[in-house]
Structures are given as structure tokens and as C-alpha cells.
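Input: a single structure, listed below in C-alpha cells.
Values in this text are rule-based calculations from the coordinates and carry no lab data. Remember, it's a predicted structure, so these values are computed and weren't measured experimentally. As a convention, Cβ positions derive from the backbone with ideal geometry for all residues, glycine included, and neighbour counts pool all protein chains shown.
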Amino acid sequence: MTIPSAETGLGGTYTFATGYNVDGSVNAASYPQTGDLPIETILYGYTDLDQPATLLDQFGTQAESSIVSDSQYDALAHATQYTSRGPHHDLPYDRRGRRPQADHQGLVLNGSTQ
């Protein structure tokens, strides 16, 4: 992406990249250095059943750190719990309505925020 130099402080060319597994799922995404922020790489991990399991980040040359270190699923493949930067979070599922319920942080099964 190129932003014109007339945009003070933003002008320049920025390169974004996405890596894929053989099955087409995303395994990495890279975001360019901007201002005082270093390049960032996000690494995606999956279970044996191709469900999202882990999410790691790396800033510049720093060691990787875990955003999501573990994800749990029930027998019907509904996400039930994930562990992020220490604490784990339960993800309740409304079985009658067959949809995710927001937990105390507003997080739902598919990772979007309500």
C-alpha cells in the first residue's frame, strides 16, 4: 500500500503479508513498521480438526509472546474455553438459541466483540 507523501507522517509504502497452510487456512500475517512501532507478525495455530487453537505475536526482533495459548472445544466443535496471556476464559453457549453468549468481557465464540 502506498500513501502519498503529502500525508505528513504517513506518506510511504507499506507492505502487508499473509501466509497460508496447504488447506488454505491462514498461518501468519505481517504488518509493516509504522512510526515508532516495529514490524508485527501474528502466527496462527490450529487443532488436529482445523479449529483455531493458538495465536502468537512477534514485534520486530523480540521473542514471540502468546495472545491465545490454548483453546478448548466440546464434542460438537463449539469453542468452550480459551487461555489468553495467563487467565482462561469460559465461553458459554446458549444451546436453546444455538448461538454464543457473551461472557463478562463481551467475548463470544467466534472471537468477535459485542
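Just want the ordering: 82, 46, from fewest to most Cβ atoms lying within 10 Å of their own Cβ.
Details: 82 24, 46 16.
Ranking 82, 46 by Cβ neighbours within 10 Å, fewest first, gives 46, 82.
Rounded, prolate or oblate: which fits the range 13-66, taking a ≥ b ≥ c as square roots of the Cα gyration tensor eigenvalues, rounded meaning a/c under 1.5, else prolate when a/b beats b/c?
Judged from the Cα gyration tensor, the range 13-66 comes out oblate (a/c at least 1.5, b/c at or above a/b).
When 54, 34 are ordered from fewest to most other Cβ atoms inside 10 Å of their Cβ, what list results? Intermediate values should be presented prior to the final figure.
Values: 54 17, 34 13.
Fewest-to-most Cβ neighbours within 10 Å comes out as 34, 54.
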